[in-house]
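Reading through the structure tokens given below for one structure.
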Amino acid sequence: MASHIVGYPRMGPKRELKFALESFWDKKSSAEDLQKVAADLRSSIWKQMSDADAGIKYIPSNTFSYYDQVLDTTSMLGAVPPRYNWTGGEIGFDTYFSMARGNASVPAMEMTKWFDTNYHFIVPELGPDVNFSYASHKAVDEYKEAKALGVDTVPVLVGPVSYLLLSKPAKGVEKTFSLLSLLPKILPIYKEVISELKAAGASWIQLDEPTLVLDLDSHKLQAFTAAYADLESTLSGLNVLVETYFADLTSEAYNTLIGLKGVTAYGLDLVRGTQTIDFVKSNFPKGKYLFAGVVDGRNIWANDLASSLSTLKELEAVVGKDNIVVSTSCSLLHTAVDLVNETKLDDEIKSWLAFAAQKVVEVNALAKALAGQQDEAFFSANAAAQASRKSSPRVTNAAVQKAAAALKGSDHRRETNVSARLDAQQKKLNLPILPTTTIGSFPQTLELRRVRREFKANKISEDDYVKAIKEEIKKVVDLQEELDIDVLVHGEPERNDMVEYFGEQLSGFAFTVNGWVQSYGSRCVKPPIIYGDVSRPNPMTVFWSSTAQSMTARPMKGMLTGPVTILNWSFVRNDQPRFETCYQIALAIKDEVEDLEKAGINVIQIDEAALREGLPLRKSEHEFYLKWAVHSFRITNCGVQDTTQIHTHMCYSNFNDIIHSIIDMDADVITIENSRSDEKLLSVFREGVKYGAGIGPGVYDIHSPRIPSTEEIADRINKMLAVLETNILWVNPDCGLKTRKYVEVKPALSNMVAAAKLLRTQLASAK
């Protein structure tokens, strides 16, 4: 009975690691305290997987991380950018967390999405002069730690080729620099690590090479062949698993994978990689192992065990009884930790779900069944849950299905073009050039979180809650007026999360108490579960937005989360195509937009922070996704008047390849993350893309506690003015301010407004 888990969530069932990290960063606890929490979490995960119920044979180690597994690899290779003044030796918390988060004097390394998930990794900054050295022994230490607990694990490393393909040329290095040319420099360190693992007693090693699922040219595929040929002698005597996930492999990538020297086993995602099954059936190397990823690591639905078992049996006939291992489709990092902690979900919905701990049990149940020891009670309970989900009246709403079907005939564009709309809006709003605004949220203080928590637990009355939230909004409005910001926000004090807040008021959504998933570092999100058809029974934000507008004569933005982001940041039903669910959400948001307009809100922001991250990994699938995603956004605001200004906001991502789709969204103003990714965004406009709508590339990074000076912000705005017209440029931070403290926010916004005013004066005198 062979079973394997690709990786496991690190935060802990109750976010223990998050709280330990934040306590350490706030200097409230010691490094030893943090290490103790981490060691306890690792130990409990290993024990959970090795106990009789789970009985996992191939248990991973080194999938734990204090921040990010790619940053761990950067540390292992000693690839610390010079600005952190690291002087060599074993990398400690100071250097490690400075790279992740920045410090008082230098900014953090860039963070970007991990493939098409909502997890973020720290992007390595490399160049010809990086002096690689073996500087973090974490992989070996954690293997030994598990061994001391009596658990023999499979140490996991980010593979050398994927590491380089996920990196970027450091500042000052030619953009054309070939990152793969560094393979000969990093492979000696991989050899050291692998040799130490062998010496410590490891019999298996897992190298994650997820970039194999991307569109790779022959030069990149050749790098895999060369790297593993070089590693072959070091790997001899070990069983070597090369793990891929998140999509199908192309036939070229599959052939490259099965031709790698020194490799014993191949891990394939058979949930998102359904075509890969055909490659296995037509050509699988004799005597090698297939780690078959049939249990979905990216969703929370219970596995259809009967269906998975029949897939496994088909594959077993091809690869041989002793050569198939039941696995997860990818690391369970992307799913919630344990359904046991969900006390508020009703039994019916709960029976449809499986979190990480349950997926471990599913993997084991499938492995037993494949070995002829099927747990009949477990399989029949699973079949009953699958049937109940298909037939439940809670899942289908005929009116919603009909409204969504009726969308097919139109492309839902506003009738007037954007430049005419901007003129009409300017007459109404009368804004200065370089208008200032923020992205939406203001700091969520402990007091504010307490009020929300007590209201949810019925410890304070609704009247007291509304009074407290109104006071907070008044404080935020007064602060923005005092800072002289042009277009205000209400600060979102009533919201726990930009997706959950809306999901709680839409039908077809369910919520967890502890369904947290790591987004980056210590930041976790709690995705809602979309189990049925979506509609909006009542207005969701109108009361708070009109309350805030009544406190000021300045324009107040209505703040909504867009349909694509709600979709991409939720656990989505897997019984209908994603775009159908997205259109349903778009219709619900459209109702809200029109109600806000009727209530006198003239500026409405519909955030599509996650539009880019839903982009399929394969270029051949981009067009279809972008078409329905952009269409969903336009549906939300196609019915408003020309004088209503529609904003959208987008977060960390590489937009350059989808800029034409962003233009096609036809928003009046777009604010966009810019400061942390070296203004890559601006290069699009330098290359001659004409953008006629308003645009606000972020002028400072809100993910860092650093407070930028007026001069630094003015310098940033000037760079933008070099490629964008003065009359379309907005001045704003990168993202919402929810996670920052007021002591950081006030001076940063004050400097931002001062920079905008300085440039207005300069532009006026230049005329």
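Quick look at the values:
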read-out: Length-normalised contact order for region 464-558 - Cα pairs under 8 Å, 6+ apart - percent; value: 32 percent
read-out: Part-to-part distance (alpha-carbon centres) for region 84-158 and region 211-230, which is given in Å; value: 23 Å
read-out: ³J(HN,Hα), Karplus 6.51/-1.76/1.60, whole Hz, each residue of region 87-97, x for Gly, Pro; value: 9, x, x, 5, 6, x, 4, 4, 5, 4, 6
read-out: Net +/- balance of residues flanking SER410 in space, Cβ distance below 13 Å, scoring K and R +1, D and E -1; value: +3
read-out: Amide hydrogen neighbours beyond the local backbone of VAL158, cut-off 5 Å, H modeled; value: ASP208
read-out: Set of aspartates and glutamates near LYS28 by C-alpha distance (under 18 Å), chain-local residues within fewer than 8 positions excluded; value: GLU16, ASP94
read-out: Gain in span if fully extended, LYS459 to ASP322, counting 0.36 nm per residue against the direct Cα distance; value: 43.5 nm
read-out: CYS524, CYS638, ranked by accessible area, largest first (probe 1.4 Å); value: CYS638, CYS524
read-out: Stokes-Einstein D for region 480-543, Kirkwood Rh over Cα pairs, 37 °C, 0.692 mPa s (µm²/s); value: 233 µm²/s
read-out: Amide H contacts under 5 Å for GLY267, placed H, 5+ residues apart; value: VAL242, GLU243, THR244, PHE291
read-out: Estimated 222 nm signal from helices in the chain, with DSSP H stretches of n ≥ 4 weighted -39500 (n - 2.57), rounded to 500; value: -13000 deg cm²/dmol
read-out: Cβ-Cβ FRET estimate between HIS660 and ALA420, R0 fixed at 30 Å, reported to 0.05; value: 0.90
read-out: Relative contact order, percent, the chain [alpha-carbon distance under 8 Å, six or more residues apart]; value: 12 percent
read-out: Rounded to whole Hz, the Karplus (6.51, -1.76, 1.60) HN-Hα couplings of region 128-139, x for glycine and proline; value: x, 9, 5, 9, 5, 7, 6, 10, 8, 9, 4, 4
read-out: Solvent-accessible area per residue, Å², over the chain with all protein chains present [probe radius 1.4 Å]; value: 38 Å²
read-out: Pairwise FRET efficiency - LYS598 versus GLN401, Cβ, R0 = 25 Å, nearest 0.05; value: 0.40
read-out: Degrees separating the helix 305-319 axis from the principal Cα axis of the chain, which is the longest one; value: 50 degrees
read-out: Model label zone, ASN341; criterion: amide N under 19 Å from point 7 Å along Cα-to-beta-carbon; scope region 543-575; value: 570-571
read-out: Cβ-placed point charges (K, R +1; D, E -1), dipole of the chain about Cα centre in debye, nearest 20; value: 440 debye
read-out: For region 578-605 versus region 415-468, the gap between their alpha-carbon centres in whole angstrom; value: 16 Å
read-out: Sequence-distant lysines (8 or more away, or on other chains) whose Cα lies within less than 26 Å of LYS619; value: LYS113, LYS168, LYS175, LYS220, LYS281, LYS408, LYS627, LYS680, LYS690
read-out: Rounded D (µm²/s) - region 240-343, Kirkwood Rh over Cα pairs, Stokes-Einstein at 25 °C, 0.890 mPa s; value: 173 µm²/s
read-out: Simple spin-label estimate for ASN718 and LYS175 in nanometres, 7 Å along Cα-Cβ; value: 2.2 nm
read-out: Within straight-line cross-link reach of LYS14, aspartates and glutamates at Cα separation under 15 Å, skipping those fewer than 8 residues along the same chain; value: GLU22, ASP40, ASP338, GLU342
read-out: Linear extension gain, ASP215 paired with LYS28, 0.36 nm per residue minus alpha-carbon span; value: 62.7 nm
read-out: Hull volume in cubic angstrom per residue (convex hull over the Cα atoms of the chain); value: 159 Å³
read-out: DSSP bridge orientation in the chain - percent antiparallel, rounded to nearest 5; value: 15 percent
read-out: Carbon/sulfur fraction of accessible area - the chain, other protein chains in place, 1.4 Å, %; value: 51 percent
read-out: Selection of GluC sites (Glu not before Pro), region 88-179, meeting DSSP coil and at most 16 other Cβ within 10 Å; value: GLU90, GLU174
read-out: Peptides 246-253, 285-292, 561-568 ordered by average Cβ neighbours within 10 Å, highest first; value: 561-568, 246-253, 285-292
read-out: Solvent-accessible area of ARG42 with every protein chain in place, 1.4 Å probe, in Å² to the nearest 10; value: 20 Å²
read-out: Per-peptide average of other Cβ atoms within 10 Å, ordering 509-517, 254-262 highest first; value: 509-517, 254-262
read-out: In degrees, nearest ten, helix 418-429 long axis to first principal axis of the chain (Cα); value: 50 degrees
read-out: Dipole of region 260-398, positive direction: furthest Cα of THR343, ALA306, PHE291, with charges on the beta-carbon; value: PHE291
read-out: Relative contact order (%) - criterion: Cα under 8 Å, at least six apart; region: region 566-702; value: 23 percent
read-out: Sorted peptide list for 362-368, 314-320, criterion being average Cβ within 10 angstrom, highest first; value: 362-368, 314-320
read-out: In Å², nearest 10: area of SER30 left accessible to a 1.4 Å probe; value: 40 Å²
read-out: Rounded Å value of the spacing that divides the Cα centres of region 273-309 and region 731-747; value: 45 Å
read-out: Solvent-accessible ranking of TRP544, TRP569, largest area first, probe 1.4 Å; value: TRP569, TRP544
read-out: Filter on LYS475/LYS526; LYS36/LYS350; LYS47/LYS368 - keep pairs with C-alpha separation over 23 Å; value: LYS475/LYS526; LYS36/LYS350
read-out: Formal net charge of residues neighbouring THR552 (Cβ-Cβ distance under 14 Å; K, R +1; D, E -1); value: 0
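The values are calculated or read from the model by the stated rules, or taken from the named source; none is laboratory data. Small disclaimer: the values here were computed from a predicted structure and weren't measured. Positions of Cβ are backbone-derived with ideal geometry, glycine not excepted, and every protein chain shown enters the neighbour counts. Remember, those area values only see protein heavy atoms, side chains included, never the ligands or the DNA or RNA. Shrake-Rupley method; radii C 1.70, N 1.55, O 1.52, S 1.80 Å.
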